[in-house]
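The values are calculated or read from the model by the stated rules, or taken from the named source; none is laboratory data. Quick caveat: nothing in here was measured; it's all calculated off a predicted structure. We place every Cβ from the backbone using ideal geometry, glycine too, and count neighbours over all the protein chains shown. When the accessible area is computed, the model is the full protein with side chains, heavy atoms only, and any ligands, DNA or RNA have been set aside. Shrake-Rupley method; radii C 1.70, N 1.55, O 1.52, S 1.80 Å.
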Amino acid sequence: MSGLAVRAAASVRSPQGRAPEGIPAALDYFRDLLTPFGEKPDEELLSRGPHVHHRDLVDLLVADEGVGRSRPELAIVAHALPDVVPFTAVAPHLTEQLGGRAVNFAIGQQGLAAPFTALRIASAYHRSGRAAEVVIAVLEQTTLPTPFPLPLPRETSVTDSAAALVLGASRGEGLGFVRAHAAGSAAAALGPELGEDGTLLVLGPWVTQDVPDHGAVHRVAPGSYCTSLWLELADHWQEWQRDFRRVVLCDTDPRSGRSHVALFAATGG
């Protein structure tokens with residue numbers, strides 16, 4: 001069986017929010033969660049956020065024709081930050097929008113590693129014959145009960161965003177997923193992937209270390225924690241598969257310091 005290739009993709013940036021709802025109940029939950037760590041929720045911060053729920057982001061992604069017509073056997077939601085309202089199950093909602101037959105789950109609490117993990121799981125499902133088509137939705141909302149839990153400079157703005165990838169068996173020319181892995185630095189993670197002609201290196205905004213010298217480099221502007229690479233892939237995958245033989249995505253989690261890499265390669269016509 002051939003590997004997974006990108007068939008469609010969609011991106012969402014800074015969507016319209018909604019009026020705050022369920023704040024008292026959410027505050028009770030956040031108090032219980034944060035008090036053991038000597039913190040307390042900031043009601044004003046929580047109230048003035050955009051209030052773009054994960055479900056809102058999924059609905060906007062599915063509104064894209066390429067994503068909306070997918071009928072996957074596997075649907076994965078990946079996120080680094082929690083939803084506005086705790087205890088919401090968004091992966092089943094995504095599945096319901098896409099035919100209702102997919103095995104579905106979410107991957108969280110891995111920082112920006114979550115989408116890379118999702119790709120590895122999707123590839124394993126596909127190789128085993130359990131999923132001919134997969135949808136991965138990478139979600140990020142920024143309405144939080146405490147200041148953004150990252151070592152962010154004060155001038156850094158992080159916005160609500162989301163990206164979706166529809167992956168299936170290669171059909172002629174395309175951009176196929178090859179592998180994903182991690183290492184203690186960007187240079188170490190990128191070492192095995194660079195050096196071949198026709199390779200585009202896509203660096204996320206959190207890559208601040210020196211990386212191996214490379215010709216074609218696309219640097220992603222700041223604006224997200226975990227969605228940045230996937231927003232760019234969703235926007236540019238068709239031109240990248242035309243112009244390059246290989247595409248290497250890399251970003252470094254600012255909390256753990258570990259760098260994550262995903263390799264895609266153009267498939268033959």
Verdict on Ser157 being among the polar types (S, T, N, Q), closer than 30 Å to Val67 by Cα and in contact (Cβ under 8 Å) with a residue 40 or more places away in the chain: yes
Some residue of region 242-250 being of a type outside the set (Gly, Ala, Ser), open to solvent by 30 Å² or more (accessible area, probe 1.4 Å) and in a helix (DSSP H, G or I): yes
Candidate set from region 157-176 (those that are within 21 Å of Asp59 (Cα to Cα) and of a type in the set (Ser, Thr, Tyr)); member that is modelled with the lowest pLDDT: Thr159
Residue within region 48-55 that is within 17 Å of Val6 (Cα to Cα), touching a Lys or Arg at 6+ places or on another chain (Cβ under 8 Å) and either among the charged types (D, E, K, R) or at pLDDT 95 or above (or both) present: no
Flag for Leu233 being out of contact with any strand residue (DSSP E or B) (no Cβ under 6 Å at 6 or more places or on another chain) and open to solvent by less than 10 Å² (accessible area, probe 1.4 Å): yes
Residues that are open to solvent by less than 50 Å² (accessible area, probe 1.4 Å), under 21 Å from Ala91 (Cβ atoms) and out of contact with any strand residue (DSSP E or B) (no Cβ under 8 Å at 6 or more places or on another chain), drawn from region 23-61: Ala26, His51, Val52, His53, Asp56
Members of region 81-111 found to be in contact (Cβ under 8 Å) with a residue 60 or more places away in the chain, of a type outside the set (A, V, I, L, M, F, W, C) and either touching a helix residue (DSSP H, G or I) at 6+ places or on another chain (Cβ under 7 Å) or at negative phi (or both), listed by number: Pro82, Pro86
Residue selected from region 93-121 under the condition touching a Gly at 6+ places or on another chain (Cβ under 9 Å) and part of a helix (DSSP H, G or I), by the criterion surrounded by the most Cβ atoms within 10 Å (Cβ to Cβ): Leu112
